[in-house]
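Following: one structure in structure tokens, then a few remarks.
The values are calculated or read from the model by the stated rules, or taken from the named source; none is laboratory data. Since we're looking at a predicted model, the values are computed, not measured. Glycine also receives a Cβ, built like all others from the backbone with ideal geometry; neighbour counts cover every protein chain displayed.
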Amino acid sequence: MPRSPETRAAIGRRAGSTLILALSAALVLATPAASAWADGPADCSLAQTAEPPFVGERAPAADLGPPFGFTPWTGDRQELLRRVVEVVAQQAAELGAPSCFQRKPEALAARVDFLSPFDFLVLTYYDSEPATRDALLQAYGRDPRQAIRDLSPIYPSPRADMILATVAYYDLDSDRIRVNRGKLSEADAPRVLVHEFWHAMPLTRVWTQPDGTIYRASGFWTQQRRGDGRIWQAVDGPTGLPFPPYLFDEAMATMMEVRFAGPLPYARRDLDQAVVFMTRLTDLAAPGEIIQLYLESRPLDFYNLLASHRDELS
Ligand SMILES: [Zn+2]
């Protein structure tokens, strides 16, 4: 599965104290400029992807009611993206990332889709059924109320509800950031976008094993695809990991969000623990090593690093 909105929804954005998280994030990210980057990757540009289905900008429609209604934002969308690009590029520079990664946020800004809740749900739910997806997207353009009624096979349902409760996520397949305009408030948009940009920052590494299984890695997590299958499945990683692999990526993106915008407006115990763990590992690793392994999508080297410090971390 791609880094799914189900995961993001499970992560939730619940209220609570995040003092530990804020402190540990500050420690992790106080890492001096990296000396580990002997030289940057030759290319960390965005993946060439097929054209995403055309959605276009939908008119806000508060009268559709929750969860499909959404109201206009007052601020300038381009100004918002400019600010996020500036923040992420600055963070990358402070961490000593090669210039290739410092330029990447600008390219990412063109890949942020501000979607109506309907489009957000349909693009996500029908990711592997393009004909159904496109028919529903077109139906919404003609008559939103009728299109919502056309969703009856999938909405309401636990999965659809989880997707609609998600504010935003980075979709690895399309290499785009999807924003749910029905769920994300304008006030939260900068911090959420900084978070999602950091999910999108690693270069995607793809390789094929001798048995024909194709793997791809983004940050510290890995997916596999067998034969001519279209569906990517998450790889659990070696046994003995203290957290599921996606949580290491979640910790990285969260630390950058907190560095920019302060403590999270919710508490999540396993994420807090992952951040504390990453802090300890960062202290043990060479300066800049963790962020380099993350941006270069080298999960195996990361797991080896964990293993080499197992005694100190336990
Ligand atoms: Zn995340």
- Message: If I go through region 231-262 residue by residue, how many of them are away from the ligand (no atom under 16 Å from the Cβ) and in a loop (DSSP other than H, G, I, E, B)?
- Response: 10
- Query: Would you pick out the residues in region 202-213 that are assigned to a loop (DSSP other than H, G, I, E, B) and surrounded by 15 or more Cβ atoms within 10 Å (Cβ to Cβ)?
  - Reply: PRO202, LEU203, THR204
- Just need a number here: residues in region 162-179 that are within 14 Å of the ligand (Cβ to nearest atom) and either part of a helix (DSSP H, G or I) or at pLDDT 95 or above (or both). 8
- Scan region 190-230 for residues that are aliphatic (A, V, I, L, M) and within 16 Å of the ligand (Cβ to nearest atom) and jot them down. VAL192, LEU193, VAL194, ALA200, MET201
- Would you say ARG159 is surrounded by fewer than 23 Cβ atoms within 10 Å (Cβ to Cβ), outside any loop (DSSP other than H, G, I, E, B) and within 15 Å of the ligand (Cβ to nearest atom)? no
- Looking for whichever is crowded, with 17+ Cβ neighbours inside 10 Å, at negative phi, at pLDDT 90 or above and of a type in the set (D, E, K, R) here; the options are ARG280, ARG216, ARG269. Which one fits? ARG216
